Amino acid sequence: MTTQQKTSKPNLMSRFFMALMGKSWAYESPDEVREVLAKNCFDALAERAEGHAEGAATLSDSYAFQPGLIDLHDELNDTWHYLTALTGRARELGCTALAAQLGAAADSTLDTLDNVATAAEGTVPR
């Protein structure tokens with residue numbers, strides 16, 4: 001019986017030198033990808049949630065929401081462009097399933113972008 005050896009991600013210095021040589025680290029199984037996504041999400045979850053809650057608690061009227069919503073809109077717009085570029089490249093490489101998943105992510109980001117824009121406009125009382 002053979003056991004699959006878990007490959008750990010290279011340390012920061014190794015990744016730096018790999019990047020200088022035009023190489024990058026890639027996980028070799030969906031389980032590894034899920035694990036790193038969960039770890040990245042949950043390692044800072046409490047700190048991020050607390051920071052966002054503290055920031056939101058300082059908002060005193062609808063106008064106070066504008067700067068954050070405008071910044072969020074800009075970040076989402078950048079994310080949409082990134083996902084769109086990745087979708088196109090995945091199609092060029094013949095990775096049709098990946099292109100479809102990236103396209104769906106781009107579409108849902110666009111929906112969120114529209115909702116954030118509407119919320120930002122809603123900060124101005126009528």
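The values are calculated or read from the model by the stated rules, or taken from the named source; none is laboratory data. Not measured: the values here are computed from a predicted model. Every residue, glycine among them, receives a Cβ derived from its backbone with ideal geometry; neighbour counts consider all protein chains shown.
Tally the residues that are assigned to a loop (DSSP other than H, G, I, E, B) and modelled with pLDDT of 70 or more, restricting the search to segment 1-22.
2
Name the single residue, out of those in segment 54-76 being aliphatic (A, V, I, L, M) and part of a helix (DSSP H, G or I), that is farthest from Arg126 (Cα to Cα).
Leu76
Being within 24 Å of Leu69 (Cα to Cα) and surrounded by 13 or more Cβ atoms within 10 Å (Cβ to Cβ) is the filter; apply it to segment 79-102 and report the residue that is nearest to the chain's Cα centre (by Cα).
The extreme case among them is Thr79.
For segment 32-58, give me the residue count where each residue is more than 18 Å from the chain's Cα centre (by Cα) and loosely packed, with under 11 Cβ neighbours inside 10 Å.
Going through segment 32-58 one residue at a time, the tally reaches 6.
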